[in-house]
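The values are calculated or read from the model by the stated rules, or taken from the named source; none is laboratory data. Since this is a predicted model, take the numbers as computed values, not measurements. Positions of Cβ are generated from backbone atoms using ideal geometry, with glycine treated the same way; all protein chains shown enter the neighbour counts. Remember, those area values only see protein heavy atoms, side chains included, never the ligands or the DNA or RNA. Shrake-Rupley method; radii C 1.70, N 1.55, O 1.52, S 1.80 Å.
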Amino acid sequence: MGRAFEFRKERKMKRWGHMARTFTKLGKEITIAVKMGGPDVTGNPRLRALMAEARAEQMPKENIERAIKKATESKQGDFKEVIFEGFGPFGIAYLVETATDNNTRTVANVRSYFNKCGGSLGTSGSVAFMFDRKCTFRIKEKDGVDLEELELEMIDYGVEELYEQVEVDKDDNETKVIVIYGEYSAYGQIQKYIEENNYELISGGFEQIPNVDLKDATEEQRATLDKLTNMLLDDEDVTNVYTTLKPAEE
């Protein structure tokens, strides 16, 4: 199923492990999407995808409205997306995405996490070349859909990889989901295809996929690396953390 599937499988639970963290992340992304494309979902495809994801994650309506209000009120802080690059212990590369209204604070915090775990914050370009930024969508699978035919059809829209997975919600209900990866620049046309063909959009966004061989680690080393990753993810300014660590065997 490819590098993207292996990568996503490893980080899925880390990314969505805490509801409060998810709502904070979505709120900042909604604010940024409104600032960039306006509050009208009709003309803002990124905002439409985020609203679908917020509904799927059962994000409270007041949280969504608060995020939109932040973008439309000039007195509110101006969130900007900033990417940090560095190396954790044992030579594992880290790419850290943030949304911050105080870059000085965020830099200091991110640097301290690396230092505490035996890593170091790097300079721009020191790690980014090890990752490819891709757009990614999750849609509900239709009855009777042929995944191979769908993938062949969507190649013309910039899709590079497509696969099925079963997701289980907190009530143990199973949903068949199609996960789609495509070229970064193909975000708009892939979303247009999804909407025009009446697929139910669960989420749409971007991910950084490693393009180098992933590094293995011992159980003890993984504990240290997990500590660094969790410290980063627990920071309110951090939205995503990507690494070149090989997924642990189940």
*For segment 95-115, how many residues meet the condition of being in a helix (DSSP H, G or I) and of a type in the set (A, V, I, L, M, F, W, C)?*
4
*Only residues that are among the hydroxyl-bearing types (S, T, Y) and touching an Asp or Glu at 6+ places or on another chain (Cβ under 9 Å): list them for segment 169-197, please.*
T175, Y181, Y184, Y193
*Could you tell me which residue of segment 45-78 is nearest to L228 (Cα to Cα), considering only residues that are loosely packed, with under 14 Cβ neighbours inside 10 Å and among the acidic types (D, E)?*
D78
*Here are some residues: S203, S185. Which one is in contact (Cβ under 8 Å) with a residue 24 or more places away in the chain, of a type in the set (S, T, N, Q) and open to solvent by 90 Å² or more (accessible area, probe 1.4 Å)?*
S185
*asked:* I need a count of the residues in segment 199-218 that are touching a Pro at 6+ places or on another chain (Cβ under 9 Å) and more than 20 Å from M130 (Cβ to Cβ).
replied: 1
*Name every residue in segment 79-102 that is among the β-branched types (V, I, T) and surrounded by fewer than 21 Cβ atoms within 10 Å (Cβ to Cβ), in order of residue number.*
V82, I83
_I need every pair where a residue in segment 223-245 that is among the charged types (D, E, K, R) has its Cβ under 6 Å from the Cβ of a residue that is surrounded by 22 or more Cβ atoms within 10 Å (Cβ to Cβ), sequence separation at least 6 or different chains._
D237/T98; D237/T100
*Considering segment 29-44 alone, what residues qualify as being surrounded by fewer than 21 Cβ atoms within 10 Å (Cβ to Cβ) and assigned to a helix (DSSP H, G or I)?*
K35, M36, G37, V41, T42, G43
*Considering only residues that are in contact with a helix residue (DSSP H, G or I) (Cβ under 6 Å, 6 or more places away or on another chain) and at negative phi, look in segment 109-130 and name the one that is most open to solvent (accessible area, probe 1.4 Å).*
S120
_Just the residues that are of a type in the set (D, E) and open to solvent by 50 Å² or more (accessible area, probe 1.4 Å), please, taken from segment 216-235._
D216, E219, E220, D226, D234
*Got a number for residues in segment 150-182 being surrounded by fewer than 10 Cβ atoms within 10 Å (Cβ to Cβ) and at pLDDT 95 or above?*
0
_Number of the condition not met by T106 [criteria: (1) under 20 Å from the mean Cα position of the chain (by Cα); (2) hydroxyl-bearing (S, T, Y); (3) open to solvent by 30 Å² or more (accessible area, probe 1.4 Å)]_ = (3)
*So which strands (runs of 3 or more DSSP E) are wholly in segment 136-246 and hold at least 1 residues that are touching a Cys at 6+ places or on another chain (Cβ under 6 Å)?*
174-183, 201-210
